[in-house]
1. Post the alpha-carbon centroid distance, segment B:1-61 to segment A:10-56, in whole angstrom.
2. Return, for the Cα atoms of chain A, the radius of gyration and Dmax in Å, separated by a comma.
3. Whole-Hz Karplus ³J(HN,Hα) for segment B:37-49, in order, using 6.51 cos²θ - 1.76 cosθ + 1.60 and θ = phi - 60°, x for Gly and Pro?
4. Counting pairs of alpha carbon atoms under 8 Å apart in space and at least six apart in sequence, what relative contact order in percent does chain B give?
5. Would you mind pulling out the separation of the Cα centroids of segment B:74-95 and segment A:90-109, in Å?
6. What is the mean number of Cβ atoms from other protein chains located within 10 Å of the Cβ atom of each residue in peptide B:32-42, rounded to a whole number?
7. Just to confirm the filter: which chymotrypsin sites (Phe, Trp or Tyr not before Pro) across segment A:34-100 are DSSP coil and have at most 14 other Cβ within 10 angstrom of their Cβ?
8. Counting other C-beta atoms within 10 Å, and keeping those with at most 13, which DSSP coil trypsin sites (Lys or Arg not before Pro) do you find in segment A:1-96?
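Bear in mind that the values in this text are calculations on the coordinates, not laboratory data. This one's a predicted model, so the numbers in the text were calculated from it and none came from an experiment. Cβ placement follows ideal geometry from the backbone for every residue including glycine, while neighbour counts extend to all protein chains displayed.
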Amino acid sequence: GDSVTQKEGLVTLTEGLPVMLNCTYQTIYSNAFLFWYVHYLNESPRLLLKSSTDNKRTEHQGFHATLHKSSSSFHLQKSSAQLSDSALYYCALSEGNSNNRIFFGDGTQLVVKP
Amino acid sequence: DAGVTQTPRHEVAEKGQTIILKCEPVSGHNDLFWYRQTKIQGLELLSYFRSKSLMEDGGAFKDRFKAEMLNSSFSTLKIQPTEPKDSAVYLCASRLTGGNTLYFGAGTRLSVL
């Protein structure tokens, strides 16, 4: 069945260093969408990035990700972490078919320290 | 535009009580999801509705959890009876049918004593 894997439960890094959060997935659906949702403390989770296009970089708010279907990956990156990036990040997949079920990874808590 | 509205924001229950959480999706969204969020398990699907029809439920939650779409703009999640292990944040999300982006509510933080 479909699944999403986020290997890192917690990532701690120093402000100014690059960020990379890993996401790999399994699906049989060629039209699947991949997403990154971000959940800041005391706010609602919200969409950060999404893509269904192979090998195309998508960017938002300084973050970027590229869907690589060959390796089933959709890693989230940022060149320089800011304190305000501290949050819980979820990678997710939607099947892109008529049922369009959604599958979430376990989430990665990003902590950025001064 | 109103987003997803969840009430109450916080709920404290005694073990064995019945609690009802409420959710109003974004107007016009026909897909509605209930999730339980914990640090250990992450986001766990409780129910997925499309136009009031149940599309998918989280098998592990059938026993004491019941979600309903009373109409296209209102859903409830009943937990009966509550147990301390149910302490978590319960998130509701909605989506346009045929769309792909989920819109989340702020969640209900449930504490069961």
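1. Taking the Cα centre of segment A:10-56 as reference, the centre of segment B:1-61 is 22 Å away.
2. Cα only, chain A: 13.7, 46 Å (Rg, Dmax).
3. 10, 9, 5, 7, 9, x, 8, 10, 6, 9, 7, 9, 10
4. On the way: 284 pairs, mean separation 42.1, N = 113.
Normalised by residue count, the contact order of chain B is 37 percent.
5. Cα centroid of segment B:74-95 versus Cα centroid of segment A:90-109: 20 Å apart.
6. Working: counts 0, 2, 0, 3, 0, 6, 0, 5, 2, 2, 9.
Averaged over the peptide's residues, the number is 3.
7. Values: sites: A:F35, A:W36, A:Y37, A:Y40, A:F63, A:F74, A:Y89, A:Y90; in loops: A:Y40, A:F74.
Loop-located and lightly packed - A:Y40.
8. Details: sites: A:K7, A:R46, A:K50, A:K56, A:R57, A:K69, A:K78; in loops: A:K7, A:K56, A:K69.
Listed in order of number, the matching sites are A:K7, A:K56.
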